[in-house]
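Contents: one structure, followed by commentary.
The values are calculated or read from the model by the stated rules, or taken from the named source; none is laboratory data. As the structure is a prediction and not an experimental result, all values here were calculated from the model. Heads up, the Cβs are rebuilt from the backbone with ideal geometry, glycines too, and the neighbour counts pull from every protein chain shown. Only protein heavy atoms, including side chains, enter the accessible area calculation; ligands, DNA and RNA are left aside. Shrake-Rupley method; radii C 1.70, N 1.55, O 1.52, S 1.80 Å.
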Amino acid sequence: RKVKGGNIDVHPSEKALIVHYEVEATILGEMGDPMLGERKECQKIIRLKSLNANTDIASLARKVVEECKLIHPSKLAEVEQLLYYLQNRRDASAGKEKKEKSSKPKDPPPFEGMEIDEVANINDIDEYIELLYEDIPDKVRGSALILQLARNPDNLEELLINETVLGALARVLREDWKQSVELATNIIYIFFYVLCFLQCSFSQFHGLITHYKIGALCMNIIDHELKRHELWQEELAKKKKADILLPENQTLKKDYEKTYKKYQGLVVKQEQLLRVALYLLLNLAEDTRTELKMRNKNIVHMLVKALDRDNFELLILVVSFLKKLSIFMENKNDMVEMDIVEKLVKMVPCEHEDLLNITLRLLLNLSFDTGLRNKMVQVGLLPKLTALLANENYKQVAMCILYHISMDDRFKSMFAYTDCIPQLMKMLFECPDERVDLELISFCINLAANKRNVQLICEGNGLKMLMKRALKFKDPLLMKMIRNISQHDGPTKNLFIDYVGDLAAQISNDEEEEFVIECLGTLANLTLPDLDWELVLKEYTLVPYLKDKLKPGSAEDDLVLEVVIMIGTVSMDDSCAALLAKSGIIPALIELLNAQQEDDEFVCQIIYVFYQMVFHQATRDVIIKETQAPAYLIDLMHDKNAEIRKVCDNTLDIIAEYDEEWAKKIQSEKFRWHNSQWLEMVESRQMDDSEQYLYGDDRIEPYIHEGDILERPDLYYNADGLIAPDGAVSPDFFSDYHLQNGDLVGQHPFSS
């Protein structure tokens with residue numbers, strides 16, 4: 001609601017000032033665009049009963065400006081001049097003339113109330129109140145006259161002060177709303193006007209609404225009218241069915257036509273009542289405590305039921321209300337119960353632009369829920385939303401909903417069967433700004449995670465155009481999309497052969513770090529057999545850069561991690577692995593491993609580098625003989641992370657195959673580990689034995705009994721002479737151990 005001050009005039013006959021102003025009440029959309037509203041040119045009369053020849057004009061002018069918020073302080077001098085004119089005007093204190101008829105608002109509301117010839121006058125308010133105590137027709141007439149007064153903002157203040165009229169209106173609404181739709185509509189309109197346009201008493205009037213329980217009455221009225229509408233439809237359906245079964249019966253046909261015509265008239269009046277009642281509730285819902293009370297009275301269920309209507313103005317109001325409520329989880333859950341998505345899908349698309357716009361924004365709020373996103377796909381919204389991408393009015397909000405849907409891997413492939421991807425690519429290439437819109441590029445990044453979508457993206461010169469734009473504007477998000485494209489095996493990955501040099505050229509300290517991260521990630525995905533990584537490393541002098549970034553604190557963790565992954569990729573090449581080993585990268589990786597030992601992702605990727613390097617003779621010897629990498633791998637054999645254990649085991653198996661000394665140490669550690677596990681089982685069994693005194697002999701026996709452990713050679717992990725095929729321990733094993741008090745003991749090379 002906006003109020004804009006205007007001119008100030010003197011009253012033609014009274015000692016009063018007339019302040020002209022404009023009031024605009026509007027329901028705004030998500031982006032601030034007006035969805036539904038009214039504008040009125042209004043007047044406020046400031047009566048100056050104490051004004052006389054001895055009045056201090058300067059003091060009175062200051063008081064008027066301070067108390068009337070419609071007058072800007074800069075108009076103080078103008079107010080003084082007008083007051084001076086009134087003070088000296090002849091016959092200013094003469095008897096009041098009959099008040100002139102108030103001018104009608106510029107834009108009247110859609111509902112005018114009962115058609116009457118009489119023009120309401122504020123001085124006759126008592127007569128109108130008396131009509132409220134008569135029969136229903138008189139009550140309708142009296143409420144219509146008071147509604148006329150309420151439509152003129154000059155009268156609202158006096159109506160508010162008059163507790164008799166408000167109390168009488170509230171009583172009539174409470175007792176007789178079922179008797180007349182017109183009566184209920186008139187009275188709710190009166191309260192609506194006072195609530196929306198009485199600016200000075202706006203916050204106070206919430207208390208009056210609560211006092212008279214107008215909100216609760218409106219809820220009851222809406223619920224009753226919706227149920228009554230269902231009965232009308234059932235009756236109409238029965239008569240239509242009878243007409244269809246006996247088409248030759250003219251009596252039935254006329255009866256149906258008469259009922260249908262009556263139904264249409266009733267619906268028009270009912271929808272006026274529903275609209276003003278919902279409008280009033282929507283204003284009251286600005287108070288979250290009042291909104292909670294509405295929720296407890298099933299406002300969501302009523303609103304979702306009202307979605308079955310065909311009146312565009314009513315639907316805009318209903319969807320706007322639902323959109324406001326949908327930001328709270330409890331309300332959203334109520335909407336789920338009422339299958340709201342199935343009801344909204346019929347409005348996408350629709351001829352009414354404002355209704356379509358607010359419906360899409362409600363769907364956007366709902367699309368944050370995973371289950372509702374699933375429902376949107378099931379009811380066929382995906383192609384409908386895709387079609388709206390071509391319309392500038394709905395493109396943004398439709399794209400946001402589609403982005404949410406694309407977050408689910410189950411639905412990514414479905415976009416390949418619409419015209420969505422060609423439209424997105426067109427938007428990308430035609431974007432005039434250096435950086436692509438965040439919603440658009442985020443959507444594209446998600447879609448690029450699916451192989452089928454990537455094939456469509458790369459059709460023609462798709463990849464070439466993306467690379468050209470990304471490298472020109474150094475856009476990290478666009479490069480992230482390209483990185484997602486590069487992860488898919490097959491023909492699309494081979495297309496990157498032409499861009500390896502361009503990507504490698506971006507790996508430097510001169511470029512933005514986020515952009516370099518995505519370029520490194522893209523290169524790391526290029527596991528291509530025909531790619532000469534040694535040539536790439538040498539030509540673009542990448543080895544010093546990679547080694548420098550491995551130093552603790554030299555860069556952000558995200559960049560360092562991508563460097564490690566890149567090293568793992570190029571280490572698959574024999575000559576590259578040797579080049580990296582000679583540069584001293586392996587000790588740098590071990591130092592990094594120490595620094596990042598709590599980060600599982602770092603640990604796993606560094607171990608993977610070791611795994612790649614032990615495949616090659618040159619780097620295998622360096623790792624085994626010149627570094628402590630195997631010792632670190634042994635320490636990580638029993639890490640809590642399954643992926644780390646898996647990579648460690650595979651790497652240690654290769655080391656054990658080529659180095660007999662490390663093989664013994666590895667088997668020793670495995671034996672020690674399993675021995676400690678056995679000891680834990682023994683201790684557990686001893687605790688179970690102690691419980692027999694409490695619970696008797698009925699207990700579960702341990703899976704491994706005493707004396708069984710030496711009869712199970714499989715626990716020793718048979719490997720190259722450590723345990724013979726028949727299960728006997730080889731002599732070489734005992735060389736590092738000796739008997740002490742009947743137990744086999746020894747010193748682990750890494751124990752303290």
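Observations, loosely collected:
- Whole-number accessible area per residue in Å² for the stretch 532-672, which is evaluated in the context of all protein chains at 1.4 Å: 45 Å²
- Potential lengthening of the chain between T251 and L528 amounts to 91.5 nm, from the contour at 0.36 nm per residue minus the alpha-carbon distance.
- Computed E for R62/F312 - FRET, C-beta separation, R0 41 angstrom, nearest 0.05: 0.25
- For the stretch 154-190, the list of trypsin sites (Lys or Arg not before Pro) that fall in a loop by DSSP and count at most 13 other C-beta atoms within 10 angstrom reads K178.
- Rolling a 1.4 Å probe over the protein chains gives M338 an accessible area of about 40 Å².
- Phi-derived couplings, Karplus 6.51 cos²θ - 1.76 cosθ + 1.60 at θ = phi - 60°, listed residue by residue for the stretch 167-175: x, 5, 4, 5, 5, 5, 4, 5, 8 Hz, with x used for Gly and Pro.
- Annotation: peptides 519-532, 224-237, ranked by per-residue average of other Cβ atoms within 10 Å with the highest first, follow the order 519-532, 224-237.
- Where R410, R47, R469 fall by accessible area, highest first, once all protein chains stay in place (1.4 Å): R410, R47, R469
- Within the accessible area of the stretch 113-297 (1.4 Å probe), percent carbon and sulfur: 51 percent
- Å² of accessible area per residue within the stretch 113-297, as computed with a 1.4 Å probe and no ligands counted: 51 Å²
- FRET efficiency estimate (nearest 0.05) - Cβ-Cβ, T288 to K625, R0 56 angstrom: 0.20
- Estimated at 0.36 nm per residue, the fully extended path between D498 and A77 surpasses their Cα-Cα distance by 143.9 nm.
- Close amide-amide hydrogen proximity is noted between A16 and H11, L48, each under 5 Å apart and 5 or more residues distant or on a separate chain (H modeled in the peptide plane; Pro and chain starts excluded).
- Put the Cα centre of the stretch 446-480 next to the Cα centre of the stretch 573-589 and the gap is 32 Å.
- Taking 0.36 nm per residue of sequence separation and removing the Cα-Cα distance, the M329/K551 pair yields an extension gain of 75.2 nm.
- Distance between modelled label sites at R672 and E434, nm, 7 Å Cα→Cβ extension: 5.8 nm
- Distance between the C-alpha centres of the stretch 508-549 and the stretch 257-320: 62 Å, rounded to the whole angstrom.
- Filtered GluC sites (Glu not before Pro), the stretch 588-682: DSSP coil and at most 10 other beta carbons within 10 Å: E598
- Percent accessible area from carbon and sulfur atoms, the stretch 532-672, protein chains only, probe 1.4 Å: 46 percent
- Where F443, F411, F615 fall by accessible area, highest first, once all protein chains stay in place (1.4 Å): F615, F411, F443
- Accessible solvent surface per residue of the stretch 414-510, calculated while the other protein chains remain in place, 1.4 angstrom probe, Å²: 46 Å²
- Two-site label geometry, S50 and Y658: point separation in nm, points 7 Å out along Cα→Cβ: 10.2 nm
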